[in-house]
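Report on the following structure.
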Amino acid sequence: MSTIKPALHHVTIKTTRIDEMIAWYGLVIGAQVQFRDSGAAWTTNDAANHRVAFLTVPKLSDDPDKTAHNGVHHFAFEYDSFDDLMSSYDRMRQSHVEPAFCLDHGLTISLYYKDPEGNYIELQSDNFSDWQKSGEFMRTSPDFAANPIGTFFDPARVYEAFKTGIAFANLQKEIRAGAYLPATIPNIGLPI
Ligand SMILES: [Fe+2]
């Protein structure tokens, strides 16, 4: 019997900073609270009843060695276009929320933000604007196989280039080739 495949629906995060988390996800992805009580909040940014939820109890505490421990590295949200990704980058920058690191994965341009609990949230746009093509690229491209993590870039410089009106295909080639590397290569949240 074939597997009936369910769709990914929501993530639920443990937190002792529920107010900060609600505000942060509100700013970053436009999440709105659907229901909240003293122990939890459920938020969504689309038609689903919830997408990102929070649980809070007094006994929770921070993991001082989170980076070195097993667990979720990040979860990701996708914009319809690179334009939407760039305008959102600029909007958040104006509220002093900046990415921790940025990568061109070949299949996506990705900005990684750290939430108030230290979880990474990836905001991306598909380089092909087509899941079939980007999936094919991932499976078959020697370029991807040679560099699957991707090429770092400085988002402020990429944003400047984007504002000149450069065609995305040309800009993406330049990013992938390392023309917008940041001054220092950031840590991506793994123990070194
Ligand atoms: Fe990712």
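Between rounded, prolate and oblate, where does the range 74-176 land on the alpha carbon gyration tensor, with a ≥ b ≥ c its root eigenvalues, rounded for a/c under 1.5, else prolate if a/b exceeds b/c?
oblate
Give the calculated FRET efficiency between I166 and D46 to the nearest 0.05, with a Förster radius of 35 Å applied to their Cβ-Cβ distance.
According to the calculation, E is roughly 0.70.
Going by average Cβ neighbours within 10 Å, how do the peptides 160-167, 5-12, 52-59, 85-92 rank, with the highest at the top?
The densest-packed peptide leads the list: 85-92, 52-59, 160-167, 5-12.
Taking θ as phi - 60°, what are the ³J(HN,Hα) couplings along the range 96-108 by the Karplus curve (6.51, -1.76, 1.60), each to the nearest whole Hz, with x for Gly and Pro?
Once θ is set to phi - 60°, the couplings for the range 96-108 become 6, 10, 10, x, 7, 7, 9, 9, 8, 7, x, 8, 9 Hz.
Only bridges with both residues in the chain count here: give the DSSP antiparallel percent, nearest 5.
70
Could you grab the relative contact order for the range 11-55? Cα pairs under 8 Å, six or more apart, rounded to a whole percent.
41
Helix-only estimate, please: 222 nm mean residue ellipticity of the chain, summing -39500 (n - 2.57) across DSSP H runs of length 4 or more and dividing by its residues, to the nearest 500. Please list the in-between numbers first.
Values: 6 runs with 58 residues, N = 192.
Mean residue ellipticity, 222 nm, calculated: -9000 deg cm²/dmol.
Using Cα pairs closer than 8 Å and at least 6 residues apart in sequence, work out the relative contact order for the chain, in percent. Show your work: numbers first, answer last.
On the way: 282 pairs, mean separation 33.1, N = 192.
With pairs under 8 Å counted, the relative contact order is 17 percent.
Share of antiparallel DSSP beta bridges in the range 75-135, in percent to the nearest 5?
Roughly 70 percent of the DSSP beta bridges within the range 75-135 come out antiparallel.
Report the charge-dipole magnitude of the range 20-84 in Debye, nearest 20, computed about the Cα centre from +1 at each Lys and Arg Cβ and -1 at each Asp and Glu Cβ.
Using Cβ point charges on Lys, Arg, Asp and Glu, the range 20-84 gives about 360 debye.
Going by average Cβ density within 10 Å per residue, which order do the peptides 172-179, 136-143 take, highest to lowest?
On the way: 172-179: 15.8, 136-143: 12.2.
Descending mean neighbour count gives 172-179, 136-143.
Treating the beta-carbon of each Lys and Arg as +1 and of each Asp and Glu as -1, no other charges, what is the dipole magnitude of the chain about its Cα centre, to the nearest 20 debye?
It comes to approximately 240 debye.
Have a look at the DSSP beta bridges in the range 11-55 and tell me what percent are antiparallel, nearest 5.
The antiparallel fraction comes to roughly 70 percent.
If I model a spin label as a point 7 Å beyond the Cα along the Cα-Cβ vector, how far apart are those points for F35 and A76 in nm?
Rounded to a tenth, the inter-label distance reads 3.2 nm.
Fully extended, how many nm does the chain gain between D83 and A156 (0.36 nm per residue separation, minus their Cα-Cα distance)? Each step should come with its number before you reach the end.
Working: separation 73, 0.36 × 73 = 26.28 nm, distance 1.41 nm.
The D83-A156 span can extend by a further 24.9 nm.
Distance from the Cα centre of the range 86-159 to that of the range 1-77, in angstrom?
20
Helix 82-94 versus the longest principal axis of the chain: what angle, 0 to 90°, nearest 10, using Cα atoms?
That works out to roughly 60 degrees.
Evaluate the relative contact order of the range 78-168 (contact order divided by residue number), counting alpha-carbon pairs under 8 angstrom at least 6 apart; express in whole percent.
Answer for the range 78-168 is 30 percent.
Once the piece of chain linking L55 and S141 is laid out straight, how much longer is it, given 0.36 nm per residue of separation minus the C-alpha distance between them?
That works out to 26.9 nm of additional length.
Read-outs throughout are calculated quantities, based only on the coordinates presented, and are distinct from any laboratory measurement. All of these numbers come straight from a predicted model, not from anything done at the bench. Cβ coordinates were reconstructed from backbone atoms using ideal geometry, including for glycine residues, and neighbour counts include every protein chain displayed.
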